[in-house]
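The numbers here are math on the coordinates, done by the rules we state, and not lab data. It should be emphasised that the depicted structure is a prediction, and the values quoted were computed from it without experimental measurement. Virtual Cβ from ideal backbone geometry, glycine too; neighbours counted across all protein chains shown.
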Amino acid sequence: MNNDSVLSGAWNRLAALAARPGARDIRARFDADPARPRRFSASHGDMTLDFSKTAIDGEALAGLLDLAHAADLDGFRRRLFAGAMVNATEHRAAMHMALRSRAADALHAGTEDASAIAAHERGLMQRFVAGVHRGAIHGATGEAFDTVVNVGIGGSDLGPLMATEALTMAHGGVLHARFLSNVDGTGAAAVMRELDPERTLVLVASKTFTTDETMTNARALRAWIADSLGEAAVASHFAALSTNLAAVAAFGIADDRVFGFRDWVGGRFSLWSPVGLSIALAAGWEPFQAMLEGGRDMDAHFRDADFADNLPVLLALVGIWHVNAMGYGNQAVLAYDDRLRRFPAFLQQLEMESNGKSVGLDGKRVSHRTCPVIFGEPGTNAQHSFMQLVHQGTSVIPVDFILAAVPDHDRPDAHRILAANALAQAAALLRGKSRPQVETEMRAAGVPEDEIAAIAPHRVFTGDRPSSTIMVRRLDAVTLGRLIALYEHKVAVQGWLWQVNSFDQWGVELGKLLARGILPDLAPGAPIGRHDPSTSALIARFRGLRDEA
Ligand code: F6P
């Protein structure tokens with residue numbers, strides 16, 4: 001049998017497993033096998049992934065692992081860590097692991113010693129951070145910086161914002177951090193209204209240094225600094241985080257204020273690079289470095305552990321089961337931790353920009369489903385918004401619950417309530433509540449029979465709704481790094497199994513291009529160019545409403 005037929009055989013077996021009678025039953029699997037929590041979970045350090053509350057049983061897990069082997073996931077993993085050109089459509093390696101490596105790890109991207117390059121840049125960042133924190137690097141008027149504004153969007157915003165919140169919320173930070181991403185002028189206006197220019201350091205974070213939103217906001221803040229403190233002050237108040245050194249120079253940011261990285265770092269994987277400078281400035285160098293160590297530790301686990309014990313591989317396979325075997329098109333992520341409140345937003349880009357593709361590595365349309373819709377909110381907030389649908393809606397939506405056992409605050413009572421809710425949500429999704437149970441409870445509460453008949457159906461929970469739980473001891477910086485890298489590698493594994501390129505993002509280009517074409521048409525009196533009839537009508541309506549105002 002050639003490789004293709006081995007692989008299609010593995011997919012076919014998965015389909016056959018999904019077609020077994022009772023393939024979606026989860027409670028019945030617990031009845032048959034109370035040892036599921038042990039058999040369907042894996043740990044690395046103090047992080048545990050428990051996927052026992054899914055319909056994956058021994059046969060399904062074996063089928064998923066066979067699929068991983070048949071797809072030569074091991075070969076992909078080796079090529080990824082060897083710095084091969086896994087991002088074929090952009091002719092690049094995907095070597096974000098080098099950013100959290102030590103120089104001695106000598107990870108390469110093609111012929112470049114990526115670990116050495118990253119370590120050098122990290123040294124420059126560390127010196128800069130220390131200088132700012134000491135006050136030796138200060139604003140043009142001699143005032144120490146008390147606030148850092150990160151101007152960036154997508155990967156140049158979501159990762160740094162998420163990690164900064166995660167690392168500073170419990171104990172506060174060294175500097176205040178603001179994140180300006182959207183081109184909506186409201187955000188820039190608020191920054192300029194609320195911050196003191198003398199004490200504000202602006203980081204322009206853009207891998208390409210061409211992104212319209214970022215450049216528009218950067219120019220606004222540049223004018224604000226120049227108008228407030230004089231043109232010469234711009235040099236003191238700006239730094240750039242980019243791969244495009246020529247464009248940075250053209251913007252007027254001096255070489256010694258540029259922290260560079262290479263094109264083998266994808267935007268959504270860049271928080272470990274100089275794009276994470278805001279994290280280090282706001283939270284401190286040590287937490288930033290500890291987060292990198294956590295990422296490095298997860299890299300080693302992903303690279304070395306057998307698939308059956310490998311957290312990123314298992315998390316990916318659980319997702320493959322849900323998307324491809326069960327046909328579920330959504331995935332919710334509920335971190336029961338306010339510090340991770342932007343984690344779902346970060347994952348939305350990480351997962352959907354990476355694997356939201358329908359053309360395979362061979363250039364042909366794929367015949368299977370790929371990335372599900374990812375969404376989430378912190379628990380318990382989610383329980384009071386969309387969890388109604390997850391419990392009783394017509395679609396089955398698998399959930400990842402994330403929970404730390406030890407809080408970083410002195411309200412253990414609150415943390416126990418939080419944890420009880422996380423565990424209860426997962427239990428409720430599994431267990432459900434049958435019609436007879438509902439009726440018995442209503443009868444016991446003295447509800448009249450006609451009321452029971454009318455209301456009981458609405459109070460039934462089908463149960464058998466899948467979830468996984470990721471539990472850690474404490475959400476410290478190392479654990480945060482592990483958690484982020486866990487999902488990064490999950491995404492890479494899924495992309496490989498779906499045979500799409502997880503590291504490009506051509507799907508964002510068309511809208512950018514059309515926006516540039518529409519922009520001139522929005523100017524007062526400009527002729528409206530050729531668009532589809534709906535867009536032309538909306539442009540005319542927009543102009544009419546604006547001109548009347
Ligand atoms: O949305 C597309 C994208 O290219 C993302 O991949 C990237 O994270 C974001 O734009 C920002 O790009 P840059 O860092 O080059 O400004």
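Please list, ordered by chain and number, the residues whose modelled amide H lies under 5 Å from the amide H of Ala177; skip anything fewer than 5 residues away on the same chain.
Close amide H contacts, sequence-distant or interchain: Val148.
Work out, step by step, the length gained on full extension between Ala305 and Ala104: first 0.36 nm times the residue separation, then minus their alpha carbon distance; give nm to one decimal.
Working it through step by step, the gained length comes to 70.2 nm.
Only sites in a loop by DSSP and with at most 10 other Cβ atoms within 10 Å count here; which trypsin sites (Lys or Arg not before Pro) in the stretch 341-413 make the cut?
Lys364
Reachable lysines from Lys53, Cα under 25 Å, same-chain residues fewer than 8 places away excluded?
Output for Lys53: Lys433, Lys490.
Return the Cα extents of the chain along principal axes one, two and three, sorted largest first, each rounded to a whole Å.
76, 60, 59
Normalised by the residues of the chain, what does the relative contact order come to in percent, with Cα pairs under 8 Å and at least six apart?
For the chain, the relative contact order is 17 percent.
If amide hydrogens are placed 1.01 Å from N in the peptide plane, which non-local residues have theirs closer than 5 Å to the one on Arg473?
Ala405
DSSP loop trypsin sites (Lys or Arg not before Pro) in the stretch 454-549 with at most 10 other Cβ atoms within 10 Å of their Cβ, which ones?
Those that pass, being in a loop and sparsely packed, are Arg530.
Ratio of alpha-carbon Rg to the 2.2 N^0.38 Å globular estimate for the stretch 507-548, to two decimals, please.
Expressed relative to 2.2 N^0.38 Å, the Cα Rg reads 1.19.
HN-Hα J couplings of the stretch 341-356 from phi, Karplus 6.51/-1.76/1.60, θ = phi - 60°, integer Hz, Gly and Pro as x?
Result, ordered by residue: 5, 9, 4, x, 5, 4, 5, 4, 5, 3, 7, 7, 6, 6, 10, x Hz.
Return the sequence-ordered ³J(HN,Hα) values of the stretch 38-50 in whole Hz as given by the Karplus equation 6.51 cos²θ - 1.76 cosθ + 1.60 applied to θ = phi - 60°, using x for Gly and Pro.
Taking θ as phi minus 60°, the curve returns 7, 6, 10, 8, 8, 10, 9, x, 9, 9, 10, 10, 10 Hz for the stretch 38-50.
Along the stretch 94-108, what does the Karplus equation 6.51 cos²θ - 1.76 cosθ + 1.60 (θ = phi - 60°) give for ³J(HN,Hα), rounded to whole Hz, x for Gly and Pro?
For the stretch 94-108, the Karplus-derived couplings read 10, 10, 4, 4, 5, 5, 10, 8, 9, 3, 5, 5, 6, 6, 10 Hz, x marking Gly and Pro.
Roughly how far apart, in whole Å, are the Cα centres of the stretch 385-455 and the stretch 131-153?
47
Using the Cβ atoms and a cut-off under 9 Å, what net charge is assigned to the surroundings of Arg29, where Lys and Arg are +1 and Asp and Glu are -1?
-2
Across every pair of different alpha-carbon atoms, what Kirkwood hydrodynamic radius in Å does the stretch 111-290 reach?
It is 16.0 Å.
I'd like the distance separating the alpha-carbon centroids of the stretch 160-228 and the stretch 498-540, in whole Å.
26
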